[in-house]
Amino acid sequence: MALPVAPKPALRRFQQARWDEPIIFELSTSGERGVLVSRVESGIRDAVGDVVADLPASLRRPSKAKLPEMGQMRVLKHYLRLSQENLGADFNVDIGQGTCTMKYAPKINDQLAGAPQVTAMHPHQDPADAQGVLEILWQLERMLAEISGMDEVSLHTQGGSAAIWSNIAMIRKYHEANGEGEQRREVITTIFSHPSNAAAAKAAGYEVITVYPDAEGYPSLDALKAALSPRTAAIMVTNPEDTGIYNPAIKEWVDAAHAVGALASYDQANANGILGITRARDAGFDVCHFNLHKTFGTPHGCGGPGSGANAVSSALAPFLPGPRVVREDDGTFAVAEAGAQSIGAVGPFFGVIPALVKAYSWIMALGADGLLAAAETAVLNNNYLMAKVLEIPGASAPYATGRRRIEQVRYSWEGLYQETGISSEEIGIRMSDFGMHYWTSHHPYVVPQPFTLEPTESYSMAELDEYAATLAEVAREARETPEVVRTAPHNQTVHHTHHDDLDDPERWAVTWRAYRRKHFAEA
């Protein structure tokens with residue numbers, strides 16, 4: 001007898017919703033309101049006075065903002081429809097955003113960060129009334145100091161690249177304070193470190209030297225030694241790199257930098273697979289940073305809200321950004337402004353408080369044993385997935401061939417591309433037809449036809465199998481029905497797009513008002 005419910009196909013059938021939803025400004029109806037705000041009581045108005053009059057004239061609008069006017073139900077429908085036209089970490093197997101570390105962010109942490117005790121706080125509030133939040137920040141600093149092995153931590157930066165900038169700013173201050181600011185004008189990084197390291201060093205005025213892998217696929221120690229000199233200010237390296245390769249000679253790298261008087265800066269944005277296993281300070285690093293929105297599950301998404309943490313040795317502690325939270329002798333917590341040698345504020349107030357609360361909650365829930373288990377599971381998941389992907393004809397994992405990787409792999413479709421002419425980008429677009437996200441690599445593509453997968457500790461074996469099977473299916477299509485791949489997506493809200501709008505500045509409009517000004521000559 002046939003089953004009452006037909007079995008599902010081996011690969012998930014997916015069809016993205018399409019609502020033809022207008023832009024919210026087009027939905028505006030004059031006079032509609034979502035919330036009717038009560039008028040200010042006369043006593044309060046008299047006591048406060050005209051607050052607008054206190055603003056500088058340059059900050060006052062000459063006319064009211066042209067915001068959309070809509071009732072609550074229409075607003076709710078609008079955003080729910082848009083949400084159905086998206087993919088995201090809560091919808092799909094999101095391991096294709098390799099090196100973005102798309103791990104599960106517990107919803108309970110969202111509730112904690114959204115509690116009134118957090119959201120109703122004001123950055124100018126009297127510290128005596130903010131002891132709970134200040135204690136969270138102080139304890140989070142101590143936990144990150146223990147995780148990194150460093151002496152002091154600042155939570156001031158608001159993302160990974162901002163934290164990298166703070167690292168190089170502290171390094172520059174350190175050398176200036178020691179009278180070597182003019183002498184040390186070079187920074188050394190590796191080709192598979194995050195590009196923000198080279199970019200931040202360049203923005204800080206340094207010449208950047210890039211070290212490439214050796215014949216074994218590891219960052220070349222010989223090339224590093226050849227580049228080091230009394231002009232070197234620092235090495236700035238990511239480890240493991242975005243290839244997932246861990247530099248086994250990292251201690252020798254740090255020692256070589258110190259031998260010429262340079263500092264060693266550790267980009268730990270890829271720390272998800274090494275928590276509880278190795279620490280920056282144990283390898284001799286002087287400064288490091290974490291992306292809290294990646295490694296500590298806050299989560300990473302859509303470019304924000306991110307949060308960075310800078311950790312340093314005692315020698316660099318005076319240069320940390322501020323303000324910072326300090327614990328007084330009586331056990332209470334206070335806010336200390338940045339010191340005289342500090343690089344100063346790198347963002348407003350005390351950091352991204354909701355992200356910091358989520359990171360604190362995540363660490364407290366797991367504990368030391370849980371952090372280690374998360375890292376080990378991330379490495380296990382990654383190497384399981386790598387074995388599955390490398391079974392697909394045309395896929396490869398360049399560099400350190402045959403070796404294990406840590407938490408991610410930068411693969412290559414070069415073999416498939418040479419055989420079919422189908423590029424990695426085209427495969428990525430076709431993956432979206434199965435509800436899967438897929439990312440290639442930073443530019444320029446050092447690995448030919450790259451794609452980067454990072455499963456983290458969050459995904460089950462069944463989900464990893466599903467993703468690998470979908471990749472294998474698209475690779476099969478590339479060989480047998482390449483036009484299906486080349487003309488994808490077919491099941492998405494928006495079908496195949498062309499680059500005309502991206503390549504022609506005359507058609508660019510990054511805001512609705514810019515669009516109206518450019519194409520409708522509105523003021």
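The values are calculated or read from the model by the stated rules, or taken from the named source; none is laboratory data. Only a predicted model underlies this, so the values are computations on that prediction, with no experimental measurement involved. Cβ coordinates were reconstructed from backbone atoms using ideal geometry, including for glycine residues, and neighbour counts include every protein chain displayed. With ligands, DNA and RNA removed, areas are computed over all heavy atoms of the protein, side chains included. Shrake-Rupley method; radii C 1.70, N 1.55, O 1.52, S 1.80 Å.
Average 1/r across all pairs of distinct alpha carbons in the chain, invert it, and you get the Kirkwood radius: 25.9 Å.
Could you check what % of the DSSP bridge pairs in the chain are antiparallel, to the nearest 5? Intermediate results must be reported in sequence, preceding the final value.
Numbers: 18 of 34 bridges.
DSSP beta bridges in the chain are roughly 55 percent antiparallel.
At a temperature of 25 °C and a viscosity of 0.890 mPa s, determine how fast region 18-129 diffuses translationally according to Stokes-Einstein, using the Kirkwood radius over alpha-carbon pairs as Rh; express D in µm²/s, rounded to the nearest whole number.
My calculation gives 126 µm²/s for D.
Working from label points 7 Å from Cα in the Cα-to-Cβ sense, the TYR79 to HIS122 distance is 2.5 nm.
Each peptide in 87-98, 476-487 receives the mean, over its residues, of other Cβ atoms within 10 Å, and ordering these scores from highest gives 87-98, 476-487.
For region 432-479, the gyration tensor built on C-alpha atoms gives an oblate shape. Its axis ratio a/c (a ≥ b ≥ c) is at least 1.5, and a/b is not larger than b/c.
Label-to-label distance for GLN72 and VAL40 is 2.5 nm, based on points extended 7 Å past Cα in the beta-carbon direction.
Mind ranking 228-235, 396-403 by how tightly packed they are, going by the mean number of other C-beta atoms within 10 angstrom, highest first? Mind dumping the intermediate values first?
Working: 228-235: 20.8, 396-403: 15.4.
Per-residue mean Cβ counts within 10 Å order the peptides as 228-235, 396-403.
Is the C-alpha gyration tensor of region 67-157 telling us rounded, prolate or oblate? Criteria: a/c under 1.5 is rounded; beyond that, a/b larger than b/c is prolate, otherwise oblate. Since a/c reaches 1.5 but b/c is at least a/b, the shape of region 67-157 is classed as oblate. At q = 0.12, 0.13 Å⁻¹, what log₁₀ I(q)/I(0) does region 355-446 have when each alpha carbon counts as one equal point scatterer in the Debye sum? Debye output, listed in q order: -0.55, -0.62. For THR190, the residues 5 or more places off, or on other chains, whose built amide H falls under 5 Å of its own are VAL211, THR238.
Taking the chain as the region of interest, the number of lysine pairs whose Cα atoms are within less than 15 Å, with members eight or more places apart or on different chains, is 5. Coupling constants for region 14-22 follow from the phi torsions by the Karplus curve (6.51 cos²θ - 1.76 cosθ + 1.60, θ = phi - 60°), and in residue order they are 9, 9, 5, 5, 9, 10, 6, 6, x Hz; glycine and proline get x. Of the DSSP beta bridges with both residues in region 215-360, give the percent that are antiparallel, rounding to the nearest 5. In region 215-360, DSSP labels about 55 percent of beta bridges as antiparallel. Solvent-accessible surface of protein heavy atoms, probed at 1.4 angstrom with all chains present, puts ILE136, ILE274, ILE108 in the order ILE108, ILE136, ILE274, largest first. Eigenvalues of the alpha-carbon gyration tensor of region 289-428, scaled by 5 and square-rooted, set the equivalent ellipsoid semi-axes at 42, 18, 15 angstrom, largest first. The figure for LEU502 is an accessible area of roughly 110 square angstrom, using a 1.4 Å probe on the protein chains alone. Reducing region 267-340 and region 160-215 to their Cα centroids gives an inter-centroid distance of 18 Å.
With the simple model of a label 7 Å out from the Cα in the direction of the Cβ, ALA6 to GLU176 spans 7.0 nm.
Placing +1 on the Cβ of each Lys and Arg and -1 on the Cβ of each Asp and Glu in region 222-354, which of PHE290, LEU275, LEU224 has its Cα farthest towards the positive end of the resulting dipole? With unit charges placed on the Cβ atoms, the residue in question is LEU224. Which value, in Å² rounded to 10, gives the accessible area of MET73 with a 1.4 Å probe and all protein chains present? About 130 Å², ignoring ligands and nucleic acids. Computed extension length for VAL52-ASP500: 156.8 nm, one decimal, from 0.36 nm per residue of separation with the Cα-Cα distance subtracted.
For the peptides 241-252, 454-465, 208-219, what is the packing order when you average, over each peptide's residues, the other Cβ atoms within 10 Å and list the highest mean first?
Working: 241-252: 21.3, 454-465: 19.3, 208-219: 16.8.
Top to bottom by mean Cβ count within 10 Å: 241-252, 454-465, 208-219.
The share of alpha-carbon pairs in region 35-97 lying farther apart than 20 Å comes to 64%. Answer rounded, prolate or oblate for region 447-523, using the Cα gyration tensor with square roots of eigenvalues a ≥ b ≥ c: rounded when a/c is under 1.5, else prolate when a/b is larger than b/c, else oblate. Prolate, since a/c reaches 1.5 and a/b exceeds b/c. Rg and Dmax, both from the Cα atoms of region 130-227 and both in Å, are 16.8, 55.
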